[in-house]
Amino acid sequence: MKALGLRARLTLFYTLMLAAMLSLFGVLFYHSLNLVVDRSLTEQLRQRVVFLRNYMRVQDGNVQLIVNPHDREETYLIHNAARYYQVFRLPSGELLVQSQELDLLGVRLTPDDARALARSHEYTDLQVEQERLRFDNSVIAGGNSPAFLVRVGIPMTPADNVRKEFLRSLLFLAPLGVFAAAVMGWEMARRALRPMKQLADAARNIDIEQLQQRLPFRGAGDEVDELAQSFNETLSRLENSVGQMKQFTASISHELRTPLTILRGEAEVALLEAHSIEDYRLLLSSQLEEFDKLTRMINDLLVLAHAEAGEIRWAEQVVDLSLLAASLAEQLEPVAASKEIELKTEIIPAVRVRGDASWLERVVLNLLDNAIKFTPQRGQVLLSVSSRDGQAGLRVQDKGMGIPPDALPHVFERFYRAEPSRSKRIPGVGLGLALARWIVEKHRGQITVESQPGEGASFTVTLPLDPGELNSNSRKP
């Protein structure tokens, strides 16, 4: 069975809600109407009793209504009030007086019924074939004479007709209102969902080759615009990720093709003719270098994959950042010297942080390696370590080609390489800085970059000092 669409579900919800509300209000209103009508009827009956009491007299052992025959209005009112009227002698229960209407309706009470009504003093309802009546049962003392039960009634048919008319109106208007609500709900749902359909149509036209497109805004500032904004932000992230993947594919293809081409070329040359053992040794040495490049690149990819999967384990301890930086600078000094690059250091001693020494070592190595790679011959690279305001700072500055302003926000993104035309000569696939940022953030720090094209770049790593260091004075070079 096919599920109902959102429009149908909304319409059904509106209709059922309105039907439930109409039913609830109908029941409550009918109950309130009953109470009001019943009280009004009882009040009218009470007024009739009070009116007739003013004209009742006990004479000759009977209760009589004293009427002025010359006052027609008074006579009419007394006659109208006493249309349903009975008088019984107590305690015998003998019927003394009964109005003509009650005679015609065939209303008869036994003496036992009369005595029981005299004891109850309550209003009673009586159903006969043609009429439903409510009676007031009052006992009148006769002084020296016996007491009397006087019953005064009022017809309930008008009140019953009001109830029936209300029920008929409710049963007619309620379904009509529910039907009208269903029609209006269907139309309202259509109008409410029209922007959603437009968003769906626009999103359906966006494919992997058109990720630069965005969903339209209505400018209403409502939930639909919020949904479009969220979807556009997702498209931006997707566009950025796909762009990184494309750039990575191009970079990784180039980086893989170069060593593989070298390996294949050297192997083909070796097969063409015989060589001396020394030649084969040089050939194998060259191939080992290419294998090392491939190994480093694959290792970086694996590290990032493990990091994203949360599979990296930390061995947190106190790390002397000053000693670590000085040791790595000493190790890389021959590499810098081979390119005629001066590697300088400005390191204050005993700057300690908490973290994993091997991962922090990888950060410093990545930054120094990049600085050396992008610094021309006879250039300079400066490595400095300092501490201030409870933070350890490590900075690597170079005098290389610099980074264009439009590339600065992206240098820490995976697979990103600024100006591929200029960086093709420099090995790497754009993973080092992404890995460095991940390591620094895992150490509750941050890494930033400042650069001007042609003037070099400066990378700064800020890490929280070890709590033991916070008790000492701040130091700086």
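Treat each spin label as a single point 7 Å out from the Cα along the C-beta direction, and report the A337 to E101 distance in nm. For the pair A337/E101, the computed spacing is 13.0 nm.
For region 1-95, the per residue solvent-accessible surface stands at 69 Å², with DNA, RNA and ligands left out and a 1.4 Å probe.
Amide H to amide H, with H built 1.01 Å from N, V319 comes under 5 Å of V353, R354, G355, counting only residues 5 or more places away or on other chains. To put it simply, the accessible area of the chain at a 1.4 Å probe is 57 percent carbon and sulfur. Pair-distance distribution P(r) for region 62-139, from all Cα-Cα distances in 5 Å bins starting at 0: 3, 13, 22, 24, 19, 11, 6, 2 percent. The stretch between N232 and E330 holds 30.4 nm of extra length on full extension. This uses 0.36 nm per residue minus the Cα-Cα distance.
Computed with every protein chain present, the accessible area of L193 is close to 40 Å² [probe 1.4 Å]. When you restrict to C-alpha pairs under 8 Å that are six or more residues apart and normalise by the size of the chain, the relative contact order lands at 10 percent.
The length gained by stretching the chain between L260 and E73 to full extension, at 0.36 nm per residue less their Cα-Cα distance, is 54.7 nm.
Overall dimensions of region 173-245, expressed as equivalent-ellipsoid semi-axes from the Cα gyration tensor (√(5λ), whole Å, largest first), are 37, 11, 8. Each part reduced to its alpha carbon centroid, region 348-371 and region 196-236 end up 44 Å apart.
The string of couplings for region 370-375 from the Karplus curve (6.51, -1.76, 1.60, θ = phi - 60°) is 4, 4, 5, 5, 9, 9 Hz, one whole number per residue in order, with x for Gly and Pro. Residues whose amide H lies under 5 Å from that of L431, counting only those 5 or more places away or on a different chain, are F415; hydrogens are built 1.01 Å from N in the peptide plane. Considering the chain at the alpha-carbon level, its Rg and Dmax are found to be 51.0, 160 Å. Phi angles of region 124-141 translate, via the Karplus equation with coefficients 6.51, -1.76, 1.60 and θ = phi - 60°, into HN-Hα couplings of 10, 9, 10, 9, 10, 4, 9, 8, 10, 10, 10, 10, 9, 10, 10, 9, 10, 6 Hz per residue; Gly and Pro are given as x. Distance between the pseudo-spin-label points of A267 and I66 (7 Å out from Cα toward the beta carbon): 13.9 nm. Computed 3J(HN,Hα) for region 26-35, one whole-Hz value per residue from the Karplus formula 6.51 cos²θ - 1.76 cosθ + 1.60 where θ = phi - 60°, is x, 5, 5, 5, 5, 5, 5, 4, 4, 4, glycine and proline marked x.
Note on R204 and E278: with the Förster distance fixed at 56 Å, the Cβ-Cβ geometry gives a FRET efficiency of about 0.25.
Using the Cα coordinates of region 3-142, the gyration tensor eigenvalues translate into equivalent-ellipsoid semi-axes of 49, 18, 13 Å, sorted from longest to shortest.
The values are calculated or read from the model by the stated rules, or taken from the named source; none is laboratory data. Values in this document were obtained by computation on a predicted structure and should not be read as measured data. Backbone-built Cβ (ideal geometry, glycine too); neighbour counts: all protein chains shown. Side chains included, ligands, DNA and RNA excluded: accessible areas come from the protein's heavy atoms. Shrake-Rupley method; radii C 1.70, N 1.55, O 1.52, S 1.80 Å.
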